[in-house]
Each structure stands twice: as C-alpha cells, then as structure tokens.
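Enquirer: Handing you a structure now.
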C-alpha cells in the first residue's frame, strides 16, 4: 500500500471542497413562485420592481423636497456653509422658526 503524504491529503481535501462548492443546489418552486407568475402573467413580474423612469421621478421628487426644506431653513436664518460652534442650536431654532419638524436625531 502506498503512503500518502500530508500535502497530498490536504490537496485532496481542497479539491473535494472546491468541487462541492461549485455545485448549485436546485430549488423547487411552488405554483406561486416567480417563474410560475412570470409565465402566467408577464406584467405581474414587472409591477413588482419600479421602472427606471419611476425611480428617476422618485429621486427628483425627493431632491426637490429636500431643496425646498433647505431653502425654508436658510430663509429662517440657518447658514449651512458657515463653521458655527452653535450648529445644533442654530439648526433647531431655524426649524422652529420655519415650522419644519425636528431632525432625524429626535
């Protein structure tokens, strides 16, 4: 019988582990699975994920809302570009003055 060295045994384990990791497990899908829903109604699959135009419109709407809020704060006396040691207090005062809800910290 031939003696195996430690290096050969480790190489064998490494090859077996790589082979086992390359196998993709097959998953069964029931009737409500994505493949069944897509085959039955292709429009149902597209409604689950918003289109690129919808995502772009949502980003533009969020940006406009953020810019409008920042404009209200600046009109109420908040200066975001200044290096003010009273930063949190100045922002909170501007929020109260502008009638904007408290920030994310509260």
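Enquirer: Please list, ordered by first then second residue, the pairs with beta carbon atoms under 6 Å, 6 or more apart or interchain, first in the range 54-78 and on the phi < 0 side of the Ramachandran plot and touching a residue at least 24 places away in the same chain (Cβ under 8 Å), second assigned to a helix (DSSP H, G or I) and surrounded by 11 or more Cβ atoms within 10 Å (Cβ to Cβ).
Expert: 72/98; 73/94; 73/98
Enquirer: Residues that are surrounded by 10 or more Cβ atoms within 10 Å (Cβ to Cβ) and modelled with pLDDT under 80: which helices (runs of 4 or more DSSP H) entirely in the chain hold 2 or more of them? Explain how you work it out, then say what you get.
Expert: Values: elements: 6-22, 34-40, 42-48, 52-75, 87-98.
By residue number, 6-22, 34-40, 42-48.
The values are calculated or read from the model by the stated rules, or taken from the named source; none is laboratory data. In this text, all values refer to a predicted model and were calculated from it rather than measured experimentally. Neighbour counts run over all protein chains shown; Cβ positions are idealised from the backbone, glycine included.
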